[in-house]
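Each remark here refers to the structure printed beneath this line.
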Amino acid sequence: MNNSRFPTDRLLPPRAAALSESLDAGFTLFRRSLIGCLPLSLFAVLLGQLPSVYLLSKNQSSSLGDPKDLTWWCLIVGSALGTLWCWIAIMLRQRSVLTPAVLSSDLCIALVRLPSALGTLALGLIAVATGFLFLIIPGIYLLVALWPVLALVVFESAGPREALDGALRLVRGAWRPLAVNLLVVVMTLLGLFVMGAFVGLVVAEFLHSSTSGVETWVRSLVTGLMSALFQPLFIAFGLAAYADLHNRRAQTPSSASNSA
């Protein structure tokens with residue numbers, strides 16, 4: 001399982017990439033890996049709906065302020081772990097486009113990396129929340145800087161503390177281009193989601209009939225499909241940003257001297 005390194009030089013040239021190059025690389029990675037990643041992404045979407053489906057089946061309120069039973073809490077934990085496992089598997093499947101790998105091997109690696117990824121996300125959320133709680137600027141800095149943190153867990157076998165420290169080292173001197181990259185990615189995804197929601201509304205109105213709940217079902221279907229597409233797209237953009245940071249770090253004199 002030591003062959004899960006991400007080949008950054010196969011995604012981007014070994015130098016600091018322009019924003020357009022990073023975005024183009026991310027979209028190319030998404031396009032080439034979509035068929036292999038879509039089942040995993042759909043499965044993650046279905047897992048995320050399990051707690052809501054359970055509440056509907058029991059005629060219970062979906063309000064977070066209302067008390068929930070033990071089964072609901074178990075479904076919440078299970079769906080969160082399953083979704084995270086799917087995200088890791090998608091990252092590995094996208095890597096397999098650049099370095100061929102067997103699906104079963106990637107799924108096993110994703111399972112092995114799951115505990116470290118969970119701990120890393122927990123520490124990252126605590127760090128970002130603490131930064132926003134005391135001073136807004138540190139929270140914003142950490143929110144951007146920790147974007148590639150999961151890649152360090154998946155491709156460099158880093159533990160939670162190592163992943164956070166490694167992400168901060170990668171971003172040192174490159175926070176501003178990474179922030180611009182993340183902002184463009186988020187705005188792009190939001191724009192696509194709004195367009196998809198509008199299409200869903202149009203289709204729902206076109207199919208409007210006396211059938212109860214048809215509009216709700218159409219909106220849910222469109223939202224689910226959009227989420228299944230956006231998850232691997234966002235991950236692909238993140239891997240491109242990770243590759244760019246890795247290349248930038250390799251080009252700095254300090255890293256060259258440290259490796260000598």
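The values are calculated or read from the model by the stated rules, or taken from the named source; none is laboratory data. No experiment lies behind these values; they were computed from the predicted model shown. Counting neighbours? That spans all protein chains shown, and the Cβs are built from the backbone with ideal geometry, glycine included.
For the stretch 198-255, how many residues meet the condition of being at pLDDT 65 or above, surrounded by fewer than 21 Cβ atoms within 10 Å (Cβ to Cβ) and among the polar types (S, T, N, Q)? Residues meeting the conditions: 6.
Give the residue that is surrounded by the fewest Cβ atoms within 10 Å (Cβ to Cβ), with candidates limited to residues of the stretch 2-13 that are at pLDDT 85 or above, in a loop (DSSP other than H, G, I, E, B) and of a type outside the set (A, V, I, L, M). Here the residue is 7. In the stretch 30-74, of all residues being part of a loop (DSSP other than H, G, I, E, B) and of a type in the set (D, E, K, R), the one that is surrounded by the most Cβ atoms within 10 Å (Cβ to Cβ) corresponds to 68.
For the stretch 63-116, taking the residues that are under 17 Å from the mean Cα position of the chain (by Cα) and of a type in the set (D, E, K, R), the one that is farthest from residue 32 (Cα to Cα) is identified as 113.
Only one residue in 118, 146 is closer than 26 Å to residue 9 by Cβ, at pLDDT 90 or above and not small (Gly, Ala, Ser). Which one?
Details: 118 fails: closer than 26 Å to residue 9 by Cβ.
Being closer than 26 Å to residue 9 by Cβ, at pLDDT 90 or above and not small (Gly, Ala, Ser) holds for just one of 118, 146, which is 146.
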